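Report on the following structure.
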Amino acid sequence: MNEKDKQEYLDYIFSRKSSNKRNFYKESLKEIECFKKEHPDRSPSIVLHVCCIVCACWPIDFLKENGFDVTIMYNNSNIWPKEEHDHRLNELKRYLKERWHDEIPLIVEPYDYDTYASTILKNRSNDPEGWKSCFGCYAERMNHAFAYANTNHFDYFTTVMTFSRQKDSQKINEIGLNLQKQYDHTKYFVSDFKKANGALKSEKICDDYCLYRQDYCGCETSYKERHPKDA
Ligand code: SF4
C-alpha cells in the first residue's frame, strides 16, 4: 500500500471503533415486526448466503425462530483449496441433515477458485484482511445470491457474514443496502447475528454437533497469514 492508502486504511480502522454505529440487530427485529404487520397471513421467504457452518448455525436458528422460510445458498469460490471448500460444504450438509432433517433447501453454486483469484482476489496479497479486497469478496458473493433471490421472488436476502467477529458488520450491511438498489423485488435483510449472545449460541451448537471450526477466512492469502510456516 502507498502512503495515501495506508492513511485511508488507518482512518477506516479508527472509524470501526466509533460508537456512532447503527444497531443492525435492533433494525432486523423491527423489520421482522413490520413484515408480520404487513403480511399476517404468511411467512417471509429469504435466501441466506452461507460461507461456513460456524457462522451459519445460529443465524439459521434465529431466522427459523422468527418464522422465516429459509433457503440457503453456498457460493464460495473464495475458499482455497477445493478440499477445504468441500469440507465446509459437507459440514453444512451434515448439520442440515442432523439438526433440520433436510427440510431447508440448499443451493450449491459451481466452484472456480482460479477465476475468482485472478479477478476478485487479485490485490488481496497487498491488502490486509478486512480491507478493500475483502469488501469486493463479500460483495461478489452477496450479489450473486441476491440476484438469485430477486429472480426467484424471495422477500429477502441476507448473509451469515455479519456473524463473524473478524468482519465489519457495518460494512457488510452497507454493501447489502447498496446492492438492494439494483433489485426490484427482494429486500436486503439487515442483520448483526453476533448480537444477543450469538457467539455463545453458535459455540453451543458447534459443540453439540461436533462441527468443524476452520481457523482462516477462506482464500489462499488468508490461509498463509494464519499459517506463516506453511507459506
Ligand atoms: S480474507 Fe476472506 S473475505 Fe477476505 S478476500 Fe480472503 S476469503 Fe475473501
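Is it the case that Arg124 is touching a residue at least 40 places away in the same chain (Cβ under 8 Å), of a type in the set (Lys, Arg) and within 23 Å of Asp69 (Cα to Cα)?
Against the criterion (touching a residue at least 40 places away in the same chain (Cβ under 8 Å), of a type in the set (Lys, Arg) and within 23 Å of Asp69 (Cα to Cα)), Arg124 does not qualify.
Among the residues of the range 91-114, at least one is assigned to a helix (DSSP H, G or I), within 16 Å of the ligand (Cβ to nearest atom) and buried (at least 19 other Cβ atoms within 10 Å of the Cβ). Counting only helices (runs of 4 or more DSSP H) that fall entirely inside the range 125-209 and contain at least 2 residues that are within 13 Å of the ligand (Cβ to nearest atom), the qualifying elements are 132-151, 169-180.
Mind listing just one residue for me: the one in the range 1-36 that is in contact (Cβ under 8 Å) with a residue 24 or more places away in the chain, within 20 Å of Phe135 (Cβ to Cβ) and open to solvent by less than 70 Å² (accessible area, probe 1.4 Å) and, of those, nearest to the chain's Cα centre (by Cα)? Per the criteria, the residue is Phe24. Restricting Lys167, Lys132 to residues that are in contact with a helix residue (DSSP H, G or I) (Cβ under 6 Å, 6 or more places away or on another chain), closer than 27 Å to Tyr12 by Cα and open to solvent by 10 Å² or more (accessible area, probe 1.4 Å) narrows the list to Lys167. With respect to being part of a helix (DSSP H, G or I) and under 23 Å from Ser169 (Cα atoms), Met73 falls outside the description.
Being out of contact with any Phe, Trp or Tyr (no Cβ under 9 Å at 6 or more places or on another chain), aliphatic (A, V, I, L, M) and within 20 Å of Tyr183 (Cα to Cα) is the requirement here; does Ala139 meet it? Answer is yes for this residue. Close contacts from the range 203-219, counting a first residue that is farther than 12 Å from Trp58 by Cβ and free of Cβ contacts under 8 Å to residues at least 60 places away in the same chain and a second that is within 16 Å of the ligand (Cβ to nearest atom) and open to solvent by less than 40 Å² (accessible area, probe 1.4 Å), with Cβ to Cβ under 6 Å and a gap of 6+ residues or different chains, come to Tyr216/Ser222.
Of all residues in the range 212-231, exactly one satisfies the criterion of being more than 18 Å from the chain's Cα centre (by Cα), of a type outside the set (Gly, Ala, Ser) and not in a helix (DSSP H, G or I), namely His227. Being of a type in the set (Lys, Arg), open to solvent by 70 Å² or more (accessible area, probe 1.4 Å), closer than 30 Å to Asn2 by Cα and touching a helix residue (DSSP H, G or I) at 6+ places or on another chain (Cβ under 9 Å) holds for only one residue in Lys82, Lys122, and it is Lys122.
The values are calculated or read from the model by the stated rules, or taken from the named source; none is laboratory data. For clarity, every value in this text was computed on a predicted model and none was experimentally measured. Every residue, glycine among them, receives a Cβ derived from its backbone with ideal geometry; neighbour counts consider all protein chains shown. To get the accessible areas, we keep the full protein, side chains included, count just its heavy atoms, and leave off ligands, DNA and RNA. Shrake-Rupley method; radii C 1.70, N 1.55, O 1.52, S 1.80 Å.
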